[in-house]
């Protein structure tokens, strides 16, 4: 699978990529932010200078200085206040826009991703990336402006003020910096490792909780509540342990910064105090210098903790870009042409398919699905029926051989045109939490209400829809949970009727229904299949007696092809399946014979 190398090491390459791909379109707004940050820094740097001037004015009993001093203070603080407000508003505007754009890009990538890629993590784990991971990323982007840039500007301005007031003393105070910077770097590296592990564990925990809630019926039936509670408690406790580890690592920064700042201030108090006592410096010099030093402690401390936040964000960004950089294997050729179905014949030529190198699913399949007729796939569970069906809309690609429609290799046509010519109805009905009209309308987005209702009538769904309080405006709930299984299946059939595709794929569309619902759905299916090239996975052999061809699969190979009567008479694999299903009348389970 084509992948670019995962970014490792320093955080700067990750932030550089965020700038190139997401922040650079906002460079105009960010330029204004930088100007405002410069104003904040300059105004902050003036604070100790104003205090020094005020105390000197007191000493010299300078009336004019005392008169204008307060006005200057008001002006400086007003500039700083408005600059802070503008910088905060503009920063939040850019950060929230970048966050939304990155999330939208991730969602689009996942929607376009291969089934194999999506299958490696649960939906809950992917969803967790949109919350926890982006909380770290958003925090880092915000802090870069409010801490890295603003506090750095303030610190630079205050250092300039300190150097202007006493360069030798400033140099002495700076001696403490190396003793604090080294431990801060070590804490940051540890936080990045812990943060990566924490984010992965939170994804696993989200998956576990979602899985447990979705399986509530089985859990209650088999009295698994205790097991599930213990498993969830263990996973949540592991998240707690990792969070505590990260919190303890961050907690080490506070005493480091506190002690370092205290040592610097104590040294300054001693040195400046002695010089004031000896008459080398004024009280204004003393007060201004100590004020500047104390003001510098806050941005210095913020910059010290910033590294921890950036390392946590770097872990999230590494996961984000690793996923975004994974190219799908199901891709269009640059010269792919739209597919035009003239007859609808499907041909499998020497097809092989593997989910993994050690897991062959199909081996040497040669099969022709005649245009306009029905071909059934039967066989035991794991024989390869669903794998073969999924190759037609290119949900997977062949490992060897080729699949053709009307003589055209599916890899030579555009995905959109291929899938526009294929309708799928399966036992696993997917409905979205929207209205019935919308769920049917997904078959053809520009369809009118009359066309939607006509499709519902053809699928034997119009009757029950009219009995609902809101009719076609009835919201089906998450996964269609407000409808019965038979109702959901008929909505799915109506969607296929509306799509009116020349090729129809049926994956055990009636296997999970009660007898009455199955009868209604089977009648609708027969109407839908007329005149279409249909490839159907058969659960009950009785449903495919009239199929034009029946292909029997065993261990990923086609072992028999023929009509129902001929295959029964041949006494082979199909006849054995048929006898097993006949024995169901005496109490045996038909799923042993021909489940997919």
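Numbers below:
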| item | result |
| --- | --- |
| Matching option when the condition is modelled with pLDDT under 90, surrounded by fewer than 19 Cβ atoms within 10 Å (Cβ to Cβ) and farther than 30 Å from residue 143 by Cα, among 323, 404, 395 | 395 |
| Residue check for residue 571: at pLDDT 85 or above and touching a strand residue (DSSP E or B) at 6+ places or on another chain (Cβ under 6 Å) | no |
| Residue that is modelled with the lowest pLDDT [pool: residues in the range 56-98 that are over 18 Å from residue 153 (Cβ atoms) and crowded, with 18+ Cβ neighbours inside 10 Å] | 57 |
| When residues of the range 76-109 are limited to those that are within 22 Å of residue 204 (Cα to Cα) and touching a residue at least 60 places away in the same chain (Cβ under 8 Å), the one nearest to the chain's Cα centre (by Cα) | 106 |
| Residue among 493, 535 that is buried (at least 21 other Cβ atoms within 10 Å of the Cβ), more than 22 Å from residue 370 (Cα to Cα), under 37 Å from the mean Cα position of the chain (by Cα) and at pLDDT 80 or above | 493 |
| Close pairs (8 angstrom Cβ cut-off, 6 or more residues apart or separate chains): at positive phi in the range 401-424, buried (at least 17 other Cβ atoms within 10 Å of the Cβ) and part of a strand (DSSP E or B) anywhere | 401/348; 401/351; 401/365; 407/347 |
| Qualifying residue in the range 442-450 (condition: at pLDDT below 90, over 28 Å from the mean Cα position of the chain (by Cα) and not in a loop (DSSP other than H, G, I, E, B)) | no |
| When residues of the range 451-479 are limited to those that are in contact with a strand residue (DSSP E or B) (Cβ under 8 Å, 6 or more places away or on another chain) and assigned to a helix (DSSP H, G or I), the one nearest to residue 500 (Cα to Cα) | 472 |
| Sole exception among (1) touching a residue at least 24 places away in the same chain (Cβ under 8 Å); (2) crowded, with 17+ Cβ neighbours inside 10 Å for residue 453, by number | (1) |
| Lone qualifier among 480, 471, 486 - being surrounded by fewer than 18 Cβ atoms within 10 Å (Cβ to Cβ) and farther than 30 Å from residue 343 by Cβ | 471 |
| Check on residue 437, without any contact (Cβ under 8 Å) to a residue 40 or more places away in the chain, outside the structural domain of residue 111 (by TED's automatic domain parsing) and in a helix (DSSP H, G or I) | yes |
| Number of the exception - residue 416 against (1) more than 26 Å from the chain's Cα centre (by Cα); (2) in the same structural domain as residue 346 (by TED's automatic domain parsing) | (1) |
| So residue 351, is it assigned to a strand (DSSP E or B) and either free of Cβ contacts under 8 Å to residues at least 24 places away in the same chain or out of contact with any strand residue (DSSP E or B) (no Cβ under 6 Å at 6 or more places or on another chain) (or both) | no |
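The values are calculated or read from the model by the stated rules, or taken from the named source; none is laboratory data. Owing to the predicted nature of the structure, the values given are computational and were not obtained by experimental measurement. With ideal geometry, Cβ positions are generated from the backbone for all residues, glycine too; neighbour counts draw on all protein chains shown.
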